Amino acid sequence: MSSQALLRNINTESAASQPSELITPFGPITRRFDEFWTAKQRQMHSLHYANSYRASFKPELPEYFISRFTSPGDRVGDPFGGRGTTILQAALMNRKGVSNDVNPLGERLAAPKINPVTIEEISERLEKIDFNAPVDMGREDDMSMFYHPDTYRELINLRNYLTKHRDNVDRFIEMTALSRLHGHSNGFFSAYSFPQISIPKVNQAKINKTRGIEPDYRDIKSRILKKAKTTLKSGQIEELKRWAKHQKLTTGDSRDLKEWESESVHLIVTSPPFLNQVDYVQDTWIETWFCGIPREEVEGKIVQTPDLNKWMEFISRTLSELHRVLVPSGLVAMEVGEVRHQGELLNLDEVLVNLTCSKQYNQDQFRVKEIYVQSQQFTKLANCFRVDNNKLGTNTNRIVLMEKI
Ligand SMILES: C[S@@+](CC[C@H](N)C(=O)[O-])C[C@H]1O[C@@H](n2cnc3c(N)ncnc32)[C@H](O)[C@@H]1O
């Protein structure tokens, strides 16, 4: 069945008029609308807030499903792991975790959280790094619109150090530095910029011009230490360290999770890219630059497509791979949103339900149990782009809970 044929079954009305039951060839599916977790910000372990990441979900989301559908010692997975929200929450709840992302940046952000170090170790290590070694600036990329020359020299020295030193302390420092590369306050290394998105150089130059600013000097060491203290303030460091041997991070495509064992995962909590709502390559370019990840390593591999047929094919193939790695009767909680598609509002939860009912896709693999629609306020980022209801982005979390047949 083509996506057009499938879409004829799909309600494209606004969120307010959505039915609480979806009728499928296999019977009705309940759609629950509720506030399943708090809309308040930063209520969970401080490690979750170590980095901003495009389209990451709140840690309350995995916590909700992990607490209801798994027991300590079970394995929880996320094939689109991003900054590692699911695996960190799994570790904090004594579950074994496995997380994957096609972008190698995901592993750089997630690994230090599931294997953290102490603030004393970080402080001691920072003292050993030579931030002021001479650097041949002529050989470096021009980042003068973001950084003061002295800040940039320190940043290059840190980057050079991190190419050769990779123990857990170094990796924690790297993760923390990644969170400080650009932002709007004095705690960041850059001139006034966006914290969640790496904006293009020309846009940064325009911001500087409009605000009449030149990047001022920002000392790197003290900012890393300050942020690391905040990140580690919830504690549980020793417990996480002990539990780290049960956690696994992989880098690759969600359709082929080579390093994930068959029938090993009890629950998947995940959120795929929503068509082309987010440009994961462009929006993380400063982070990938800092990590020395070549653009070709992510471009073309990250799936971000406006084509609904291609998206459905991609999700369907991912679901088949998830079917392989799940234990019998294992569960997938897949978070999707509502997107604008060809001028209409499309609820991707309904597309997922259709995939699981269609012979051509995942009919014999999954049974949809329930759909959870968490009504949520817009994020600060959405507000600043003036994204409002039913026009552009997503304003609800829709989680389709599926059971392996
Ligand atoms: C919505 S984000 C997930 C964010 C994550 N839940 C978190 O809290 O950080 C989707 C992720 O899918 C990744 N991705 C895109 N295409 C992929 C693919 N083919 N295989 C695996 N991951 C992919 C992106 O790099 C991005 O990190």
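Only the coordinates and a few stated rules stand behind these numbers; no lab work does. Only a predicted model underlies this, so the values are computations on that prediction, with no experimental measurement involved. Backbone-built Cβ (ideal geometry, glycine too); neighbour counts: all protein chains shown.
Couple of notes before you dig in:
- Value of relative contact order over the chain, rounded to a whole percent, pairs C-alpha under 8 Å and six or more apart: 21 percent
- For the range 119-231, the convex hull drawn through the C-alpha positions has a volume of 102 cubic angstrom per residue.
- Within the chain, DSSP assigns beta bridges of which about 50% are antiparallel (rounded to the nearest 5).
- For the chain, pairs of C-alpha atoms spaced more than 31 angstrom apart make up 39 percent of the total.
- Calculated FRET efficiency for the pair Ser123/Arg242, C-beta based, R₀ 25 Å, to 0.05: 0.65
- The mean sequence separation of alpha-carbon pairs under 8 Å and at least six residues apart, normalised by the residue count of the range 119-231, gives a relative contact order of 32 percent.
- Placed amide H near Ile405: partners under 5 Å, 5+ positions off or other chain: Phe366, Arg367
- Gaussian network model of the chain, Cα within-10 Å springs - most flexible of Phe69, Phe290, Phe314: Phe69
- Compactness check for the range 273-352: Cα Rg over 2.2 N^0.38 Å is 1.31.
- Ranked for footprinting exposure by Cβ neighbours inside 10 Å, fewest first, Phe366, Phe188 give Phe188, Phe366.
- Residue order, fewest to most beta carbons within 10 Å, for Asp216, Asp74: Asp216, Asp74
- Gyration tensor verdict on the range 168-312 (Cα atoms; rounded if a/c is under 1.5, prolate if a/b is larger than b/c, oblate otherwise): oblate
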